[in-house]
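Below is one structure, written out as structure tokens; comments come after it.
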Amino acid sequence: MPIVTVERKILKKNDEIASENREIFSKNNIYTLNLLSSPGSGKTTLLEKTLSLLNKSLNVAVVEGDVQTDNDAQRIAVLNVPVVQIVTNGGCHLEAKLVQSAFQSFDIKNLDLLIIENVGNLVCPASYDLGENKKVVLLSTTEGDDKPLKYPSMFRVSDVMIINKIDLLEYVDFSVESVKKNALSINPELKIFEISCKTGEGIEDWIKWLKNEI
Amino acid sequence: MHEMSIAQSIVDIVNDTLAENEKSKLKEVAVDIGEMVAVVPESLQFCYEAIVQETEYHNAVLNINVIPLKIKCNNCNIESKIEKYAFLCPKCESTNINVISGEELNIRYLEVD
């Protein structure tokens with residue numbers, strides 16, 4: 001029986017579009033983050049905090065990904081930040097093509113920072129490059145400190161891990177030491193921040209790091 | 001459940017490859033799926049079958065080869081399989097390692113008639 005050799009990546013098309021995105025971002029000096037977490041870890045709240053601190057000094061835009069509703073985009077629009085909502089209608093992750101269509105509506109020549117809030121999911125978005133500079137994975141103290149071990153791919157591909165809701169530490173069985181140990185066993189290169197979007201603790205370090213990156 | 005989107009990408013590549021090679025009868029599609037890419041082979045199989053049942057090659061088999069997660073230690077030069085996603089050398093416990101397999105998501109070949 002004849003064999004036709006293919007030998008190519010299944011997600012090559014997505015990778016190619018991600019490379020196009022990366023080139024456009026780089027040409028226009030736009031620093032891009034892909035923000036990832038399970039539902040309810042505080043991605044949008046972290047965004048609100050980050051935007052309120054950076055929006056005066058930098059031109060920022062946001063792409064919101066959700067399975068349904070434009071609730072998150074509405075929360076961002078209130079801050080006078082350009083935002084596009086992608087509703088995936090059941091899709092569990094954002095793909096490079098969706099992001100490419102979304103950022104066309106921004107004034108990209110005058111943009112410094114683009115933050116893409118991915119669909120809340122710790123599995124599927126790990127496989128899809130969007131053209132971002134860094135992947136930031138967020139997890140909160142109400143989720144369990146073994147999460148990196150349960151979702152290793154996500155923590156392996158991420159560059160930064162943010163532990164959110166540290167103001168709740170005294171009420172939950174969550175060990176910051178364990179979560180760090182678990183995450184670093186999967187990815188020794190991870191940059192880690194401990195924050196509370198509620199009290200503002202640790203936000204300063206995160207913003208300092210981000211400003212330095214841009 | 002991104003297996004549906006991955007199955008669709010496989011079928012897109014199959015269609016392109018069949019057209020390029022002027023073939024229409026497909027018997028088998030062979031793919032490599034690394035342990036690290038969070039794709040469930042059973043789900044992928046299910047999604048693939050759902051997509052191809054509407055096509056001319058609805059009997060074509062998806063052959064999934066699961067690739068184990070392996071590293072090479074830069075300290076002691078030994079290749080090892082990684083268990084429980086602990087990314088360090090099981091021999092010398094160095095974290096200075098390179099992943100050599102387990103991150104594949106590749107389509108290898110088609111068997112055609």
Check: Where in segment B:47-113 are there trypsin sites (Lys or Arg not before Pro) that are in a DSSP coil and have at most 11 other Cβ atoms within 10 angstrom of their Cβ?
Finding: B:84
Next item on the list: Go from 0 up to the bin containing the longest alpha carbon distance in chain A, width 10 Å each, and give me the % of pairs per bin.
Entry: 8, 34, 37, 16, 4, 1, 0
Next item on the list: Rounded to whole Hz and in sequence order, give me ³J(HN,Hα) for segment A:202-212 from the Karplus expression 6.51 cos²θ - 1.76 cosθ + 1.60, θ = phi - 60°, writing x for Gly and Pro.
Entry: x, 5, 4, 5, 4, 5, 4, 4, 5, 4, 5
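Can you give the FRET efficiency to the nearest 0.05 for residue B:72 and residue A:150, using r as the Cβ-Cβ distance and R₀ = 25 Å?
0.45
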Note to self: Below 13 Å, Cα to Cα, which aspartates and glutamates can residue A:13 reach? Residues fewer than 8 away in the same chain don't count.
What the structure shows: A:95, A:129, B:12, B:16
Next item on the list: Using Cα positions and a limit of under 25 Å, work out the lysines in reach of residue B:91, with same-chain residues fewer than 8 apart set aside.
Entry: A:150, A:180, A:181, B:70, B:72, B:81
Item checked: Distance in nm between pseudo-label sites at residue A:211 and residue A:16 (7 Å out along the Cβ direction from Cα) -> 4.2
Margin query: Given the DSSP H assignment, sum -39500 (n - 2.57) over each helix run of at least 4 residues in chain B and divide by its residue total; what's the result at 222 nm in deg cm²/dmol, nearest 500?
Written below: -8500 deg cm²/dmol
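Calculate the FRET efficiency for residue A:56 and residue A:172 from the Cβ-Cβ distance with a Förster distance of 35 Å, rounded to the nearest 0.05.
After rounding to 0.05, the efficiency reads 0.50.
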Notebook entry, point to check: What are the extents of the Cα atoms of segment A:95-214 along their three principal axes, listed from largest to smallest and rounded to whole Å?
Noted result: 45, 29, 23
Margin query: Suppose we keep just the DSSP beta bridges with both residues in chain B; what percent of those would be antiparallel, to 5?
Written below: 65
Item checked: Shielding by partners, peptide A:92-105 (average Cβ within 10 angstrom, other chains) -> 1
Next item on the list: Go through segment A:122-130 residue by residue and turn each phi into a ³J(HN,Hα) via Karplus (6.51, -1.76, 1.60, θ = phi - 60°); whole Hz please, and just put x for glycine and proline.
Entry: 9, 10, 4, x, 5, 7, 10, 5, 10
Notebook entry, point to check: Magnitude of the Cβ-charge dipole of chain A, K/R +1 and D/E -1, about the Cα centre, nearest 20 debye?
Noted result: 420
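Considering every residue in A:6-18, what mean count of other chain Cβ atoms within 10 Å of its Cβ is obtained?
Details: counts 13, 5, 6, 6, 18, 8, 5, 4, 2, 0, 0, 0, 0.
So the per-residue partner count for this stretch is 5.
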Check: Distance in nm between label sites at residue B:42 and residue B:55, each 7 Å beyond Cα in the beta-carbon direction?
Finding: 2.4
Check: How do A:99, A:87 line up, fewest other C-beta atoms within 10 Å first?
Finding: A:87, A:99
Notebook entry, point to check: If the chain between residue B:98 and residue B:65 were fully stretched, how many nm would it gain, using 0.36 nm times the residue separation less the Cα-Cα distance?
Noted result: 9.7 nm
Notebook entry, point to check: Under the classification rounded if a/c is under 1.5, otherwise prolate if a/b is larger than b/c and oblate if not, where does segment A:143-214 fall, given a ≥ b ≥ c as square roots of the Cα gyration tensor eigenvalues?
Noted result: oblate
Next item on the list: Report, by chain and number, residues whose modeled amide H sits under 5 Å from the one on residue A:10, excluding near sequence neighbours (fewer than 5 apart, same chain).
Entry: B:105, B:106, B:107
Checklist line | Mean shadow area of chain B over all directions, Cα convex hull, nm² | finding: 8.0
Next item on the list: Kindly write out, for segment B:90-100 in residue order, the coupling ³J(HN,Hα) from the Karplus curve 6.51 cos²θ - 1.76 cosθ + 1.60 (θ = phi - 60°), rounded to whole Hz, with x marking Gly and Pro.
Entry: x, 7, 10, 6, 6, 9, 7, 10, 10, 6, 9
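A short reminder: the numbers here are calculations on the coordinates, not readings from a lab. Because the structure is a prediction, the values reported are computed rather than measured. Heads up, the Cβs are rebuilt from the backbone with ideal geometry, glycines too, and the neighbour counts pull from every protein chain shown.
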